[in-house]
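The values are calculated or read from the model by the stated rules, or taken from the named source; none is laboratory data. Nothing here was measured: the structure is a model prediction, and the numbers come from that model. Heads up, the Cβs are rebuilt from the backbone with ideal geometry, glycines too, and the neighbour counts pull from every protein chain shown. Please note that ligands, DNA and RNA were not included when accessible areas were found on the heavy atoms of the full protein model with its side chains. Shrake-Rupley method; radii C 1.70, N 1.55, O 1.52, S 1.80 Å.
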Amino acid sequence: DREEKEMAVNKLENDRLLIEISDHGAELSRIYRKDVQKEALWNADPAFWNRHAPVLFPFVGASNGGVYHWQGKEYPMKQHGFARDTEFELVEAGEKKVVHRLVSSEKTRENYPFDFCLTITHTLEGNTVGVDWKGENRTDGEMYFTIGAHPAFLVEKGSWLLTPGKESLNYIRINE
């Protein structure tokens with residue numbers, strides 16, 4: 001079932017990189033670096049871990065007892081929420097960006113009682129892959145959530161992904 005869903009893939013490409021984004025979970029599923037002809041993202045080998053870079057929403061981590069409590073009711077909640085296992089709507093597929101959207105429904109409200117719209121935009125500019133998340137509260141009152149990413153890279157010591165002399169990847173803190 002998951003394999004069929006992953007066939008709906010959107011591509012962004014330039015002279016440096018080829019990236020692919022699946023409609024299933026709006027998951028970044030490939031980063032191919034052309035100059036060294038190597039894959040940068042984990043291959044989702046089901047023998048180890050069948051994902052590439054899942055989006056964690058509406059929660060990062062596990063709920064106590066697998067249940068989310070809200071206003072006296074219990075809602076079953078899988079670890080890391082449900083976005084990573086949900087088909088997103090493809091809103092835009094251009095030369096430099098791909099935009100996906102997930103809107104609350106009867107099905108999502110079985111696990112998460114809020115009305116929301118989650119928009120995820122992937123961009124490709126030069127050798128930079130950008131991911132932007134926008135969570136919109138469509139509920140009267142407050143909506144509690146966390147969001148995160150869980151990308152897995154094909155990195156080993158001395159890898160072509162790392163800057164020479166460094167032992168880690170570069171990153172930008174979310175508050176910057």
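Here are the numbers for the structure shown:
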| item | result |
| --- | --- |
| At most 11 other Cβ within 10 Å, DSSP loop - chymotrypsin sites (Phe, Trp or Tyr not before Pro), region 16-117 | Phe48 |
| Trypsin sites (Lys or Arg not before Pro) restricted to region 76-148 and DSSP loop, no more than 13 other C-beta within 10 Å | Lys78, Lys96, Arg138 |
| Greater than 32 Å apart at Cα, pairs in Lys78/Lys134; Lys73/Lys134; Lys73/Lys97; Lys73/Lys96 | Lys73/Lys97; Lys73/Lys96 |
| Hydrodynamic radius by Kirkwood, which averages 1/r over all alpha carbon pairs of region 1-77, in angstrom | 14.8 Å |
| Rounded percent of accessible protein surface that carbon and sulfur make up, region 1-93, 1.4 Å probe | 47 percent |
| Per residue value of the accessible surface for region 45-119 (all protein chains in place, 1.4 Å probe), Å² | 54 Å² |
| Environment charge of Ser63, counting only residues whose C-beta is closer than 12 Å and scoring Lys/Arg +1, Asp/Glu -1 | 0 |
| Förster radius 35 Å - calculated FRET efficiency between Glu142 and Glu87, Cβ distance, rounded to 0.05 | 0.80 |
| Net +/- balance of residues flanking His150 in space, Cβ distance below 12 Å, scoring K and R +1, D and E -1 | +1 |
